[in-house]
1. Going by the conditions given, is residue 207 surrounded by fewer than 19 Cβ atoms within 10 Å (Cβ to Cβ) and either within 14 Å of residue 65 (Cβ to Cβ) or assigned by TED's automatic domain parsing to the domain that holds residue 52 (or both)?
2. Provide a single number: the residues in the stretch 1-54 that are more than 30 Å from residue 373 (Cα to Cα) and surrounded by fewer than 19 Cβ atoms within 10 Å (Cβ to Cβ).
3. Since residue 378 meets every condition but one in (1) touching a helix residue (DSSP H, G or I) at 6+ places or on another chain (Cβ under 7 Å); (2) not in a loop (DSSP other than H, G, I, E, B), which condition does it not meet?
4. Quick one: which residue in 372, 293 is out of contact with any strand residue (DSSP E or B) (no Cβ under 6 Å at 6 or more places or on another chain), at pLDDT 95 or above and assigned by TED's automatic domain parsing to the domain that holds residue 15?
5. Is one or more of the residues making up the stretch 264-271 assigned by TED's automatic domain parsing to the domain that holds residue 102, more than 28 Å from residue 119 (Cβ to Cβ) and surrounded by fewer than 17 Cβ atoms within 10 Å (Cβ to Cβ)?
6. Would you be able to say whether some residue in the stretch 74-92 is out of contact with any helix residue (DSSP H, G or I) (no Cβ under 6 Å at 6 or more places or on another chain), in a strand (DSSP E or B) and surrounded by 22 or more Cβ atoms within 10 Å (Cβ to Cβ)?
7. Please go through the stretch 32-57 and give me each residue that is touching a strand residue (DSSP E or B) at 6+ places or on another chain (Cβ under 8 Å) and in a helix (DSSP H, G or I), ordered by number.
8. From the set of residues in the stretch 310-323 that are at pLDDT 95 or above and in a loop (DSSP other than H, G, I, E, B), which is surrounded by the fewest Cβ atoms within 10 Å (Cβ to Cβ)?
């Protein structure tokens, strides 16, 4: 059985001997500096500018989405997408218990309540079987399906592609369609991930991406709404731009809306990063292959690989450690003491202070994943270490 010290040495063989190795460090070069300087020189640094449009077009082309709407962050993207598919006050939204808190927060910002369910062993994403249990036990009414546990309408399902690994999204959408519940994909971590050649975020009615500083492509802060629906795209752009009516000089707004548009300055960084995205993805697959090989014959460690039939961006490489949460923490303590920035999964959402009073399904797989997974340094540049 591998010891924490051996775990450190194994990672070091992959990432090299730098005193500190971050979990996921943004790769910024002269390409980005030139684009940002162009934006500064233009003086259009807020939400009006050519780089926003260029970035939206670039993401739409890369993902294959008909529309891409740039916003301030992934949370605001998910909130607006949920509202646009009909989520509102008094509703339930099915959410994985294993996700970053922003997934649940977006549901709350939309006025609804998250209903947490279990994860899938293979992908660590939302369990289709767990969702099926909720839908099959729900009561059908003129207003839609009513959750048998909470008595609230099930207004949407939000799968999250954990660490960039696509979950069983085709099966989930088929199930959701059968019951008439819209799917909004939280693809915040999965830019570049695909299922049967289709990019994540394009299977449900809407999807979202995040470009936070630790993502595979960063705009510093930012997000994107993806959809193939012309009307939803129009509404998303209108709502995230303070519902301002087009006019050369008048400031007329036709509804209460949001100031969520991405600034041009951030989009300039994104345009430059998008030019380099194919290289990032290739480097991350090379790094994942090196980790997979390094841990292949190590007793007590399992590398989290992309699910069969999918292509993952390997946003964060991770391993499962045999044993309980105390053993996991021994590995985390050893790596961080050695200058290797490793992290566990997020604390489960149903146990977080804002949500622990809410009803939720049983989540044994999510609990086991939380207690055993260690995310390891995954910056694209480490592929060359």
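1. Details: surrounded by fewer than 19 Cβ atoms within 10 Å (Cβ to Cβ): no; either within 14 Å of residue 65 (Cβ to Cβ) or assigned by TED's automatic domain parsing to the domain that holds residue 52 (or both): yes.
In short, no.
2. Kept after step one, since they are more than 30 Å from residue 373 (Cα to Cα), are these residues of the stretch 1-54: 29-54.
Add one more test, that the residue is surrounded by fewer than 19 Cβ atoms within 10 Å (Cβ to Cβ), and what stays is 29-31, 33-34, 37-38, 40-46, 48, 50, 53-54.
Qualifying residue count for the region: 18.
3. (2)
4. Numbers: 372 fails: out of contact with any strand residue (DSSP E or B) (no Cβ under 6 Å at 6 or more places or on another chain).
None of the others qualify; the one that does is 293.
5. No, the stretch 264-271 contains no residue that is assigned by TED's automatic domain parsing to the domain that holds residue 102, more than 28 Å from residue 119 (Cβ to Cβ) and surrounded by fewer than 17 Cβ atoms within 10 Å (Cβ to Cβ).
6. Yes, some residue in the stretch 74-92 is out of contact with any helix residue (DSSP H, G or I) (no Cβ under 6 Å at 6 or more places or on another chain), in a strand (DSSP E or B) and surrounded by 22 or more Cβ atoms within 10 Å (Cβ to Cβ).
7. Kept after step one, since they are touching a strand residue (DSSP E or B) at 6+ places or on another chain (Cβ under 8 Å), are these residues of the stretch 32-57: 47, 52, 55-57.
The answer is 52, 55, 56, 57.
8. Our first condition is that a residue be at pLDDT 95 or above; within the stretch 310-323, this holds for 310-322.
With the extra rule that they be in a loop (DSSP other than H, G, I, E, B), the set shrinks to 312-316, 322.
Working: 312: 28, 313: 27, 314: 28, 315: 24, 316: 25, 322: 13.
Looking at residues that are at pLDDT 95 or above and in a loop (DSSP other than H, G, I, E, B), I get 322.
The values are calculated or read from the model by the stated rules, or taken from the named source; none is laboratory data. The shown structure was predicted, so the numbers you read here are calculated from the model rather than taken from an experiment. Note that each Cβ is placed from the backbone with ideal geometry, even for glycine, and that neighbours are counted across all protein chains shown.
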